[in-house]
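Let me begin by presenting the structure, written as structure tokens, before commenting on it.
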Amino acid sequence: MTGVWAEVVGQEAATAPLRAAAAHASAMTHAWLITGPPGSGRSQAARAFAAALQCARGGCGECRECTTALSGAHADVTVVATEKVTISIDEVRGLISVAQTSPSQGRWRVIIIEDADRMTERTSNVLLKSIEEPPPRTVWLLCAPSAEDVAVTIRSRCRIAHLRVPDPEVVARLLTERDGIDPELALECAHAAQSHIGIARRLARDPGARKRRDQVLALATEIRGVGDAVLAAADLVKVSEEDAAAATAERDAEERNELLRTLGADDGGRLPPALRAQVKQLEDDQKRRATRHKRDVLDRAIVDLMSFYRDVAIVQTGADVPLVNASHRGHIEQVARRGDMSDTVRVLDALALARERLAGNVAPLLAIEAMLIALRPRVRD
């Protein structure tokens, strides 16, 4: 694919309805739900579709409409990419107000919600009426891992475009052509990221990220007992907290200083009572952002471990399928020899349960401890 669709790799069939709608008004509808597993490119597809709708040539990728829509700078393209655990009702009410206005310069008023699965039921109900009866030139583009992650009342009113996981070879070719990554390293990172384009790029560019991933995979062979699991869990949670602090601390300070300047307050002095609520709201939002970042770091570690035990299962069954972690084949075969398929399934279940617990707001340390205890070798009679 070319133009604005060039970076939506491996999704020619899935994006065909979107491209047809951008080219022909008869194929257009007012609300779309773009689904696909993490890394499939659903957010990129939504931005490309928004650009194609604004472009007089259907998404050339070169004009002002295309470049500004793809970058998020187009006046008539609103993008919500929450960094918090959930999307708030106030945020959705703000979007509804925007949706009621006519396009200022483009052909459509496009509103993209990248994490529609993070809307609670109450929030979805607030959005429902605007989805049902939008103004004639407004288009809603919702993104979620699957249609089931969105309230049935919302998804029943949307046309669904489902993306699939692209082939690692396609992702590796993108990294090589666009980022200049060595082809062998690009393919290794594409497999390690399980075709998640963003993660594959980070692994390829950052040796530190590859090292941290190797340390996570090493837990499969290093944990011998409960004590090892408890210590490893503490280290893993500490790393997630430090990562979150490093990623958000400077930004938090800048946001606080900017808010105080806007309010005409002195950062070093006592805040007037009328201003405390606004500062408190900002601090609460920053805490939610840090919480999500910590969860994302831990979730990624769990996904990496799941890919390791997926490879263990492949070795145990002798399936003719490429390994995700081919560079760790020695450790994979070691774990495969010390147990059987039932042990591998038990560990995979424990990893999946840990993800559910983290999503359910269980204390991270407790969830990770229970998960890592399941990784220790099973004592047989």
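In whole Å and largest first, what semi-axes does the C-alpha gyration tensor of the stretch 74-209 yield when each eigenvalue is scaled by 5 and square-rooted?
Largest first, the stretch 74-209 gives 35, 17, 14 Å.
Sorted by accessible area (1.4 Å probe), largest first, how do 43, 156 line up?
156, 43
So, taking all protein chains as they sit and a 1.4 Å probe, how much accessible area belongs to residue 62, in Å² rounded to tens?
Estimated to the nearest 10 Å², residue 62 gives 150 Å².
With the dipole of the stretch 310-381 worked out from charges on the C-beta (+1 for Lys and Arg, -1 for Asp and Glu) around the Cα centre, which of 374, 353, 341 lies farthest toward the positive end?
Of the options given, the answer is 374.
Calculate one ³J(HN,Hα) per residue across the stretch 302-309 by plugging θ = phi - 60° into the Karplus curve 6.51 cos²θ - 1.76 cosθ + 1.60, and present them in order as whole Hz with x for glycine and proline.
Whole-Hz 3J(HN,Hα) from phi for the stretch 302-309: 5, 4, 5, 5, 5, 5, 5, 6.
Which one, 11, 221, 116, projects farthest toward the positive side of the charge dipole computed for the chain from Cβ point charges (K/R +1, D/E -1)?
116
Can you give me the solvent accessible area of residue 242 with a 1.4 Å probe, rounded to the nearest 10 Å²?
100 Å²
Where does each of 79, 237 land when they are ordered by accessible area, with a 1.4 Å probe and the largest first?
Largest accessible area first, the residues go 79, 237.
Net charge within 14 Å of residue 109 by Cβ-Cβ distance, Lys/Arg positive one each and Asp/Glu negative one each, not counting residue 109 itself?
0
Around residue 65, what is the net charge, scoring Lys/Arg as +1 and Asp/Glu as -1 over all other residues with Cβ under 13 Å from its Cβ?
Charge balance near residue 65 sits at +2.
Using log10 I(q)/I(0) by the Debye sum over Cα atoms at q = 0.09, 0.10, 0.14, 0.15 Å⁻¹ as the read-out, say which of [x] -0.50, -0.62, -1.22, -1.40; [y] -0.63, -0.77, -1.31, -1.40; [z] -0.82, -0.91, -1.26, -1.34 was calculated from these coordinates.
Here log10 I(q)/I(0) by the Debye sum over Cα atoms at q = 0.09, 0.10, 0.14, 0.15 Å⁻¹ agrees with entry [y].
Lysine pairs in the chain 8 or more apart or on different chains: how many have alpha carbons under 27 angstrom apart?
Eligible lysine pairs with Cα atoms under 27 Å apart amount to 11.
Could you tell me how many cubic angstrom of Cα convex hull volume the stretch 115-177 has per residue?
111 Å³
Positive end of the dipole of the chain, charges at C-beta (+1 Lys, Arg; -1 Asp, Glu), about the Cα centre: which of 40, 172, 208 has its Cα farthest in that direction?
40
Using a 10 angstrom cutoff on alpha carbons, build the Gaussian network for the chain and name the most mobile of 178, 118, 289.
Per the Cα network of the chain with a 10 Å cutoff, 178 tops the list.
Using only helices, what value at 222 nm comes out for the chain when you add -39,500 (n - 2.57) per DSSP H run of length 4 or more and divide by the total residues, to the nearest 500 deg cm²/dmol?
Per the formula, -19500 deg cm²/dmol.
Let me cross-check residue 137: its accessible surface, 1.4 Å probe, with only protein heavy atoms counted, in Å² to the nearest 10?
Probe radius 1.4 Å; accessible area of residue 137 about 110 Å².
Could you order 235, 206, 320 so the one with the most accessible surface comes first? Probe is 1.4 Å.
Order by accessible area, largest first: 320, 235, 206.
So for each of 99-108, 86-95 I average, over its residues, the number of other beta carbons within 10 Å; can you give me the resulting order with the highest mean first?
The packing order, highest mean first, is 86-95, 99-108.
The values are calculated or read from the model by the stated rules, or taken from the named source; none is laboratory data. Keep in mind that what you see is a predicted model, and the values were worked out from it rather than measured. For neighbour counting, all protein chains shown are included, and Cβ atoms are generated from backbone atoms with ideal geometry for every residue, glycine included. Accessible surface areas use protein heavy atoms only, side chains included; no ligands, DNA or RNA. Shrake-Rupley method; radii C 1.70, N 1.55, O 1.52, S 1.80 Å.
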